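The structure appears right after this line, and notes come after that.
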Amino acid sequence: MELQDIDLIELIEREIGERFNRQGYIKCPFHNEKTPSLSVKFYPDANKQRFKCFGCSTSGDSIDFIMKFKNMAYEQAREYLGLTIEKSVQEQQIEKVKGYIEWQIKKFGWKDKLIGLFPFTNDKGEIAYFKAKFRNDKGEKRLSYYHIENDKVINKRGSEELPYNLYNALEAIKKGKILIICEGE
């Protein structure tokens, strides 16, 4: 299981023993409060959910929540959540592509800054390619594609275009969940 596979709302409700209200808030377990002020939001740039308390400003992802709530170290929290302690293949691939992009930026003197790296998975859950989003010093955005072939990063898509989160969408359909398809990815 990967971090983005954890439903942070379900995790918080299970750990706290309460439910989020209709407005999407729950009482924060990290300070005393009468009015719920903790909410969860999905961040597409990171492809994961994060929580934030508007009362005490505590925020983070599933690992951060468990570390603080259970007073655990990082590796203990990963183990508690059923996440691998060593880096997954996907995490290793992301690091490899980010390293290649850093090399490109330095070597070619790009004025671009990487603002997001998005893995596109096939119907088996394997990463087919990555879409990188950049912003230059003028605020203009551009895209580039990367894939890994024979353990080398190649600066092109390398396969047919896929819908973003294809594997997760197919799994949700199999489980009878509602799927909403929006413009873009």
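The values are calculated or read from the model by the stated rules, or taken from the named source; none is laboratory data. Computed from a prediction, not measured in an experiment: that's the story for all the values here. Please note: Cβ atoms are built from the backbone with ideal geometry, for glycine as well, and neighbour counts cover all protein chains shown. Side chains are part of the model used for accessible areas, which takes the heavy atoms of the whole protein and leaves out ligands, DNA and RNA. Shrake-Rupley method; radii C 1.70, N 1.55, O 1.52, S 1.80 Å.
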* When Gly24 is evaluated against the numbered criteria (1) under 30 Å from Arg135 (Cβ atoms); (2) touching a Ser or Thr at 6+ places or on another chain (Cβ under 9 Å); (3) surrounded by 15 or more Cβ atoms within 10 Å (Cβ to Cβ), which criterion, by number, is the only one it fails? -> (3)
* Give the residue, chosen from Ile12, Ile6, that is crowded, with 17+ Cβ neighbours inside 10 Å and under 23 Å from Lys87 (Cα atoms). => Ile6
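Just the residues that are at negative phi, in contact with a His (Cβ under 6 Å, 6 or more places away or on another chain) and in contact (Cβ under 8 Å) with a residue 24 or more places away in the chain, please, taken from the range 129-185.
Tyr129
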* To do: Could you check how many residues of the range 107-143 are over 17 Å from Tyr43 (Cα atoms), touching a Gly at 6+ places or on another chain (Cβ under 9 Å) and open to solvent by 40 Å² or more (accessible area, probe 1.4 Å)?
  => 0
* To do: Could you please give the count of residues in the range 155-176 that are at pLDDT below 90 and assigned to a loop (DSSP other than H, G, I, E, B)?
  => 3
* Asked: How many of the residues making up the range 27-52 are touching a Pro at 6+ places or on another chain (Cβ under 9 Å) and either outside any loop (DSSP other than H, G, I, E, B) or open to solvent by less than 40 Å² (accessible area, probe 1.4 Å) (or both)?
  -> 3
* Across the range 58-90, which residue is most open to solvent (accessible area, probe 1.4 Å) among those that are in contact (Cβ under 8 Å) with a residue 60 or more places away in the chain and part of a helix (DSSP H, G or I)? -> Gln90
* To do: Give the range 97-131 a look and list any residue that's at pLDDT below 90 and among the aromatic types (Phe, Trp, Tyr), or say none.
  => Trp110
* Asked: Just one of Ile181, Ile85 is within 21 Å of Ile6 (Cβ to Cβ) and either of a type in the set (Val, Ile, Thr) or in contact with a Pro (Cβ under 6 Å, 6 or more places away or on another chain) (or both); which is it?
  -> Ile85
